[in-house]
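What follows is one structure encoded as structure tokens, with my remarks underneath.
What follows is calculated from the coordinates using simple rules that are stated; it is not laboratory data. What you are looking at is a predicted structure, and each value in this text was computed from that prediction instead of being measured. Glycine gets a Cβ as well: all are built from the backbone with ideal geometry, and neighbour counts include every protein chain shown.
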Amino acid sequence: MTTIFGYPLVVVLGQLVLGLVNGSFYALLSLGLAVIFGLMRVVNFAHGAFYALGAYAALVGLNVLGVGYWPALLLAPLVVGALGVVAERLLLRRLHGLDPLYGLLLTFGLALAIEGTLHQVFGSSGESYPVPEALRGVFNLGFMILPRYRAWVIVVSLVVCFGTWFVIERTRLGATLRAATENAPLLQAFGVNVPVLVAATYGGGVALAAFAGVLSAPVILVSSQMGSALVIVVFAVVVIGGMGSILGAVVSGLLLGLVEGFTKVIYPEASNIVVFVIMALVLIVRPHGLFGRE
Amino acid sequence: MRPATIGYGLALAAALAVPAVGVYPVFMMKLLCFAMFACAFNLLLGFTGMLSFGHAAFFGAAAYATGWLATARGWGTLPALGAGVVVAATLGTAVGALAIRRRGIYFAMITMALAQLVYFVCLEAPFTGGENGLQGVPRGSLAGLVPLRSDVAMYYVVLGAFVGMYLLIRRIVHSPFGQVLKAIRENEARAVSLGYEIDRYKLLAFVLSATLSGFAGALKAVVLGFVTLSDVLQANSGEVILMTLLGGTGTFLGPAVGAGLVVTLQEYLSDLVGGWVTVIIGAVFVACVLLFRRGIVGELLALRARR
């Protein structure tokens, strides 16, 4: 049997793929956080709650409305994104110009309210979502067995992350967004409706979280608390990557997923905390994060 | 006499009379422990301007240390409490030294992540009892002199601890050290230009706050006789923020008022509305941030200042 560092290759590769799947979720979530933070200077604590909302939207769509996986992948982010726009207009907008800490506190309260409501409506046991027909089964790569759905998660996350990066860095819309980050009043003077842009950005970031929620529904147990621990890991990912950079968010998300997977092989007890330990180390060596500037 | 003196006198008289008028003493003790926790937290948020999102780590770690030493090792109540406080201080030094390398929201996220690390350690370590927590922590006696098994005796000890901590925090804030902390809160760059090594001040404020939070947690373990994962959970870090914010950040009495409200709300509301209490807590959080950022005591003080 082939081994790597004394561990069976099949086991290592299996965990690395799992790590990459988790890393894809980290990447999607920290990407949304970075987009929201870049424009609004708000650390969106409710990100995990919107992620859970996305998964539940898909679940309700399937069980109640008969909407399948593929439409849900598009519809759930739209619905949750619209909720995000409402939350921005009703709540977050009022904090404009205040210390960013208030945004963190407000979204923390929002997360409690959303997750508490999900818990009351759907119960605490958690529900599973079936893997869509077309993605069942496995690819046999010879040296390992790769479940189709996991491969799909990794590929589609990479595509969405790259697409978001492309929109922000290479299109006119993205240029407007970046201009708003630099100097919103000036952009407003040029006739751009900045408040609408801000609401749309929050909606977009939240929609990314909901997309990750739908994507994760078939591989995890859907529960009201599925996002609350995840969001803390993603915060650590963001601290490691440096919040300002879109690419940094994606790369560090994927890398940390891999590291976590590898830790599961060599020292499983530490797999829950390895991201936090790395964060501590990065803070000692590069306080502004791997891709951060200051 | 000044009105404030009369107010404090009345509050103290009411607190002393609590066992006599038949308020459930265990509930009052729990309330006082959380009031201490919130006052300790406020030392950092209210008077130094640093928002820690991970104070449950110090509260919980001290509770676990005290609980474990008192049950598994048979330590006396005072030494176990002392050891819990030392654990919180040590942990506070480590977390604080890392977290003060960044400010503002990054500081908040770092404390949150490191507290989550502490949570996972508590979940998996062999001596914490995992999901069950530690049960049957004995109350013992105060240095062999005063047995604490009766709720009334325990209540007066907890009340004494609360008054002591309250006075200590006032003393710290009014000291030259406390003035420097406020200067850092108001304008960090200016404090630097005045020649203060602000990192030292920030770290000391952090360690003090963590240590006092640990004392509150350790005392809670002794009072209630158990320690669970919810003591070290992130939700607990959030609740202490809410208590402080609701009562009034940067006021002396505010955090205690906020703690009283939140603990009472949880105690009585959960009978009425069950699980919806989380939703209500979340809504109170949102309302607090949007409508009265100065908190109840802060708004009252502002009202008085305006007249």
**Request:** Place +1 on the Cβ of every Lys and Arg and -1 on the Cβ of every Asp and Glu in segment B:144-302, take the dipole about the Cα centre, and give the residue among B:282, B:187, B:235 whose Cα lies farthest towards its positive end.
**Result:** B:187
**Message:** I need the Kirkwood Rh of the protein assembly as shown: take the reciprocal of the average 1/r across all distinct C-alpha pairs and report it in angstrom.
**Reply:** 25.4 Å
**Request:** Just tell me how shielded B:266-279 is by partners: mean number of partner chain Cβ atoms within 10 Å of each residue's Cβ, no decimals.
**Result:** 2
**Item:** Cβ-based exposure ranking for A:216, B:230, A:245, in which fewest neighbours within 10 Å come first
**Value:** B:230, A:245, A:216
**Item:** Relative contact order [Cα under 8 Å, 6+ residues apart], chain B, whole percent
**Value:** 32 percent
**Prompt:** Can you tell which of A:229, A:27, A:189 shows the greatest fluctuation in a Gaussian network model of chain A with Cα springs below 10 Å?
**Reply:** A:189
**Complete:** Any residue on another chain or 5+ positions along whose placed amide H is under 5 Å from the amide H of residue B:142 is listed here as B:148
**Prompt:** How high is the relative contact order of segment A:227-294, in percent, with contacts defined as C-alpha pairs under 8 Å that are six or more residues apart?
**Reply:** 43 percent
**Message:** For segment A:101-156 and segment B:81-100, what is the centre-to-centre distance using only Cα atoms, to the nearest Å?
**Reply:** 36 Å
**Asked** In debye to the nearest 20, how big a dipole does segment B:23-234 give about its Cα centre with +1 on each Lys and Arg Cβ and -1 on each Asp and Glu Cβ?
**Response** 400 debye
**Request:** For n ≥ 4 DSSP H runs only, could you compute -39500 (n - 2.57) per run for the protein assembly as shown, divide by its residues and tell me the 222 nm figure to the nearest 500?
**Result:** -24500 deg cm²/dmol
**Prompt:** Working out 0.36 nm times the residue gap between residue A:173 and residue A:2, then minus their Cα-Cα distance, what length gain in nm do you get to one decimal?
**Reply:** 56.6 nm
**Request:** Name the lysines eligible as straight-distance cross-link partners of residue B:182: C-alpha to C-alpha under 21 Å, and not fewer than 8 places from it in the same chain.
**Result:** B:202
**Request:** Express the C-alpha Rg of segment B:1-143 as a ratio against the empirical globular expectation 2.2 N^0.38 Å, rounded to two decimals.
**Result:** 1.25
**chain B shape via C-alpha gyration tensor axes, a/c threshold 1.5** = rounded
**Request:** Please identify, among A:212, A:134, A:249, the residue showing maximal mean-square fluctuation in a Gaussian network model of chain A using a 10 angstrom Cα cutoff.
**Result:** A:134
**Asked** Taking the Cα centre of the protein assembly as shown as the origin, how large is its charge dipole in debye, to the nearest 20, when only Lys and Arg (+1) and Asp and Glu (-1) carry charge on their Cβ atoms?
**Response** 1320 debye
**Asked** Any idea how far the Cα center of segment B:218-292 sits from the one of segment A:1-17, in Å?
**Response** 47 Å
**Item:** Length-normalised contact order of chain A in % [C-alpha pairs under 8 Å, at least 6 apart]
**Value:** 37 percent
**Complete:** If B:106, B:166, B:268, A:56 are placed from fewest to most neighbouring beta carbons inside 10 Å, the sequence is B:268, B:166, B:106, A:56
**Item:** Dipole axis of the protein assembly as shown (+1 Lys, Arg; -1 Asp, Glu on Cβ), positive-most option in A:235, B:24, B:164
**Value:** B:164
**Item:** residue B:290 paired with residue B:267, simple spin-label distance in nm, labels 7 Å along Cα-to-beta-carbon
**Value:** 3.0 nm
**Item:** Efficiency of FRET between residue A:125 and residue B:151 - r from beta-carbon atoms, R0 30 angstrom, step 0.05
**Value:** 0.20
**Asked** Excluding same-chain residues fewer than 8 positions from residue B:220, which lysines have a Cα within less than 17 Å of its Cα?
**Response** B:30
**Prompt:** Where the Cα atoms of segment A:21-107 are projected onto their three principal axes, how long is each span, largest first, in whole Å?
**Reply:** 44, 30, 17
